[in-house]
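Notes for the one structure printed next.
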Amino acid sequence: MTASAPSPSRVLVTRPQREAQAWVQALQAQGVDAQAFPLIDIVPLPESAEMTSAWQHLNSYSAVMFVSANAVRCFMAARPAGASTPTAQAWGTGPGTEAALLAAGWPAHLIRCPGPDAAQFDSETLWILVQADVQRWRRDGQEHAALIVRGADAQGRMAGRDWLARQMADAGLQVTQCSAYARHAPHLNAAQLADARRALGHGDWWLFSSSEAAVHLRQALPDIDFSQARALATHPRIAERLQQLGWGRVAVVPAALPAQALSIKSLT
């Protein structure tokens with residue numbers, strides 16, 4: 001009897017639910033067998049003094065940097081009634097944040113985000129993009145301030161890298177930061193945990209755009225040996241963290257979805 005061919009492996013997208021579903025649809029349109037498996041929950045934070053202050057002084061900033069599309073949505077949801085149209089530049093690290101800014105009504109000519117063909121969607125790429133504006137501000141002899149809108153961890157502490165904040169401060173910008181949402185580990189029910197175990201043993205690929213999602217998976221399945229598990233990372237830093245967490249095979253794929261789909265299909 002001829003053995004049946006193994007079923008093709010899935011790609012499990014671990015981004016927060018809204019972004020995961022959008023990525024799944026885009027990957028499926030490119031012929032990738034993708035499924036959403038969100039490993040980060042986004043929870044808007046209640047109104048805070050720092051958020052109120054950020055909105056009161058919004059147009060005193062030369063730039064407002066949003067770390068993600070969720071930062072845009074949660075910040076703009078807190079917009080006070082009668083708030084004026086933003087006059088500050090809005091910075092983001094990729095097309096998803098740009099789309100969220102446009103949807104929220106931020107003036108398009110003030111948005112600075114790496115384009116969809118950028119090699120990486122990260123702070124380093126953004127910083128290169130805005131260098132000319134920052135240097136122009138330094139030459140005008142006036143003080144310039146910038147706001148970073150970001151997420152917090154489950155304990156309410158600001159989460160994420162501080163690299164861009166340091167570059168901004170070193171360039172002479174007065175930097176303020178505020179948290180617009182919290183990132184939590186999801187509560188996985190018994191069926192989801194069983195599906196995760198099957199996927200890890202079956203050879204499915206787990207797609208990570210945040211190493212935090214991988215940490216949440218390990219916390220949910222502390223008894224699992226990840227040495228045979230397969231992961232896709234959208235950035236070398238994420239890949240390095242996955243290797244530290246014990247993933248057996250880790251491949252870096254492009255962040256841009258069309259190129260990402262081609263890369264994934266070459267692996268699967």
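The values are calculated or read from the model by the stated rules, or taken from the named source; none is laboratory data. A quick note: this is a predicted structure, and the numbers were derived from the prediction, not measured. Counting neighbours? That spans all protein chains shown, and the Cβs are built from the backbone with ideal geometry, glycine included.
Considered as a group, the residues in the range 90-104 that are in a loop (DSSP other than H, G, I, E, B) and surrounded by fewer than 24 Cβ atoms within 10 Å (Cβ to Cβ) include one that is farthest from the chain's Cα centre (by Cα), and that residue is A104.
Restricting S84, S62, S68, S48 to residues that are over 28 Å from A22 (Cβ atoms), among the polar types (S, T, N, Q) and in contact with an Asp or Glu (Cβ under 9 Å, 6 or more places away or on another chain) narrows the list to S62.
Here A261, A233, A182, A255 are screened, and the one residue that is closer than 22 Å to G96 by Cβ and in contact with a Lys or Arg (Cβ under 9 Å, 6 or more places away or on another chain) is A233. Selection of the range 60-85 for residues being among the hydroxyl-bearing types (S, T, Y) and closer than 11 Å to I148 by Cα yields Y61, S68. Suppose the filter is without any contact (Cβ under 8 Å) to a residue 60 or more places away in the chain and touching a strand residue (DSSP E or B) at 6+ places or on another chain (Cβ under 6 Å); does A88 pass it? The answer is yes for A88.
One line per residue, one yes/no per condition, for (1) over 23 Å from V215 (Cα atoms); (2) in contact with a Phe, Trp or Tyr (Cβ under 7 Å, 6 or more places away or on another chain); (3) outside the structural domain of L232 (by TED's automatic domain parsing):
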| position | (1), (2), (3) |
| --- | --- |
| Q17 | no, no, no |
| A49 | yes, no, yes |
| P80 | yes, yes, yes |
| A103 | yes, no, yes |
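From the list A145, A182, A214, the lone residue that is closer than 28 Å to V72 by Cα, crowded, with 19+ Cβ neighbours inside 10 Å and touching a Ser or Thr at 6+ places or on another chain (Cβ under 9 Å) is A214. Scanning the range 165-223 for residues that are without any contact (Cβ under 8 Å) to a residue 60 or more places away in the chain, closer than 30 Å to A63 by Cα and outside the structural domain of Y61 (by TED's automatic domain parsing) returns a single hit, S211.
Highlighted here are the strands (runs of 3 or more DSSP E) found entirely within the range 203-266 that include at least 3 residues which are within 20 Å of the chain's Cα centre (by Cα) and farther than 19 Å from Q25 by Cα: 249-252. Considered as a group, the residues in the range 115-127 that are at pLDDT below 95 and not polar (S, T, N, Q) include one that is surrounded by the most Cβ atoms within 10 Å (Cβ to Cβ), and that residue is F121. Hey, does the range 91-102 have a residue that's free of Cβ contacts under 8 Å to residues at least 12 places away in the same chain and either within 20 Å of A255 (Cα to Cα) or not basic (K, R) (or both)? For the range 91-102, residues free of Cβ contacts under 8 Å to residues at least 12 places away in the same chain and either within 20 Å of A255 (Cα to Cα) or not basic (K, R) (or both): present. State which residue is nearest to A220 (Cα to Cα) when the search covers only the range 146-201 and only residues that are modelled with pLDDT under 90 and of a type in the set (A, V, I, L, M, F, W, C). Looking at the filtered set, the residue picked out is A154.
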